[in-house]
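The values are calculated or read from the model by the stated rules, or taken from the named source; none is laboratory data. None of the values given here were measured: they were computed from a predicted structure. Cβ placement follows ideal geometry from the backbone for every residue including glycine, while neighbour counts extend to all protein chains displayed.
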């Protein structure tokens, strides 16, 4: 499949072969795209460089997304190497481990600022610096999760950060539409990644998702990667400001049959029906 042949872009957030960003990068590469990679620190360089080299990347750069100058350098290099680019993938999120445990009410100001700065404001900074070097018809998309809309145990401040990210997607879509640039997000279902291990009780979330999902399974990296190809390609030429759910249908189900039975039994025990 050469759906992305001739298309060039940059991915922020690939860290290993078990993450969502890698799943998207792999599908984009297989579809013919040329991809520039960034890594967050020297520690991550050893992980990212082999992946980027396997995909024949011409650009492999360190970038702290909270540093505007670092972001500018990435797009300056993209312009030098490619001229113009066609897509940008934002797969960056971070929160202190202690803020992903216990109760949200205990979130510190420092933890709040860190989570929202890295996970949400970085999209604004990246979009602002990407716009001058993007072709008309270009695509920017980010990664989010259902915890932005509903309370998910132990997701806490990251849920608030993802809500800010999704709102930013809509405002950026409005701002960049006049340049012919689309801005969207993929709301991926629970998938086993190294990053997800930082969320307390994540294994239970995976099991619960298979019970609730209409497709009766967890989403895969390949599923999410294919959605990434759709958003990056001309197939989504009329789609902007959208949150695309790729979660085997979990988002559309209030409760599975098994959960409804449990709630019904609890309700009868409480004599509320």
### Query
When you go through 221, 235 one by one, which is the residue that is under 17 Å from residue 91 (Cα atoms) and at pLDDT 90 or above?
221
### Query
Is one or more of the residues making up the range 99-117 assigned to a helix (DSSP H, G or I) and within 18 Å of residue 245 (Cα to Cα)?
no
### Query
Looking at residue 96, is it surrounded by fewer than 23 Cβ atoms within 10 Å (Cβ to Cβ), without any contact (Cβ under 8 Å) to a residue 24 or more places away in the chain and touching a helix residue (DSSP H, G or I) at 6+ places or on another chain (Cβ under 6 Å)?
yes
### Message
Checking the condition in contact with a helix residue (DSSP H, G or I) (Cβ under 7 Å, 6 or more places away or on another chain), at pLDDT below 90, surrounded by 12 or more Cβ atoms within 10 Å (Cβ to Cβ) and over 27 Å from residue 181 (Cβ atoms), which residue from 208, 255 passes?
### Response
255
### Message
Among (1) under 24 Å from residue 132 (Cα atoms); (2) part of a helix (DSSP H, G or I); (3) within 16 Å of the chain's Cα centre (by Cα), there is one condition residue 14 misses while meeting the rest; what is its number?
### Response
(2)
### Message
Going through 172, 165, 146 one at a time, which residue ends up being within 29 Å of residue 234 (Cα to Cα), within 18 Å of the chain's Cα centre (by Cα) and modelled with pLDDT under 95?
### Response
146
### Task
Scan the range 118-135 for residues that are in contact with a strand residue (DSSP E or B) (Cβ under 8 Å, 6 or more places away or on another chain) and either without any contact (Cβ under 8 Å) to a residue 24 or more places away in the chain or part of a helix (DSSP H, G or I) (or both) and jot them down.
122, 123, 126, 127, 130, 133
### Task
Give the residues of the range 30-48 that are touching a strand residue (DSSP E or B) at 6+ places or on another chain (Cβ under 6 Å) and assigned to a helix (DSSP H, G or I), sorted by residue number.
45, 48
### Task
Please go through the range 105-116 and pick out each residue that is surrounded by 15 or more Cβ atoms within 10 Å (Cβ to Cβ) and closer than 14 Å to residue 159 by Cβ.
107, 111, 112, 115, 116
